[in-house]
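Scroll down for the structure; my scribbles are underneath it.
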């Protein structure tokens, strides 16, 4: 009986020793081995590992990328005194444990690391956002600001055995109590720019119409000048033809001119009293040209 008890005790002791001698590291973890508080090595490969029982201990840390997401924080933008705005920035930081031993010595655990990390990120964000106006932060400088913050934070957390992958903004908002006034000011600014644009458009339209009217006047004047020139040339040619006709046959010329005169004044409603011996009607009285 006593022998059986001894065997049981030995087996239990052996199991305890074995349990203290072996440990596992998950594929998502990395570990450091401490012997009486002194560093003895780092384990990054997953699987079953051995250690000195009761003397050595294992501290495990995440090997995956960690995400630090805190509540939105208020910051002041840059610009002139009247242009400074308070904005609420909701940011997220991605990081990982690069040096488990240094991490253990400086911050010991993730909760301490997150506190240090957020303090640095908030400080760097405050410095960077103070350099730019709200419009610049929202439109053109958002990405460069976050890249600068990530770079500076990455440099500062190296002493804690941490590596910052990036810092990103999820959202940038104005405080609820000032959103209305800021939106009204933005609306007024847009309306002012719209009025300026409309005024510039009207000015250009007036100039275009004035240029068109000027061009129209010039074209009409040139056309009138050309028409008068052509008319004068036509009258001169008609006069020349009449002169040639008169020189060739004066009597026939007088006959044709009389017919034109008859056509112009006869047949109207006006009454004309002339004697039968009038020179005007001599071709009506004696149509024979030879007489």
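Values computed for the structure shown
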| read-out | value |
| --- | --- |
| Relative contact order of segment 1-131, defined on C-alpha pairs under 8 angstrom at six or more residues apart (%) | 20 |
| Likely footprinting exposure, 1, 146, fewest C-beta neighbours within 10 Å first | 1, 146 |
| Residue-span extension gain [residue 191 to residue 26] - 0.36 nm each, minus C-alpha spacing | 53.3 nm |
| Pair residue 170, residue 44: separation of 7 Å Cα→Cβ label points (nm) | 3.1 |
| Reduced Cα scattering model of segment 120-216, Debye log10 I(q)/I(0), q = 0.11, 0.13, 0.22 Å⁻¹ | -0.57, -0.67, -1.11 |
| Residue 151 versus residue 126: modelled label distance in nm, points set 7 Å from Cα along the beta carbon direction | 2.3 |
| Contour minus Cα-Cα distance for residue 213 and residue 226 (0.36 nm per residue) | 2.7 nm |
| Kirkwood Rh and Cα Rg combined as Rg over Rh, evaluated for segment 66-181 | 1.03 |
| Added length on full extension, which subtracts the Cα-Cα distance from 0.36 nm per residue, residue 110 to residue 237 | 34.6 nm |
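Throughout, read-outs are computed from the coordinates displayed, never taken from laboratory work. These figures come from a predicted structure and were not determined experimentally. Quick reminder, even Gly has a Cβ in these numbers, built from the backbone with ideal geometry, and neighbours come from all protein chains shown.
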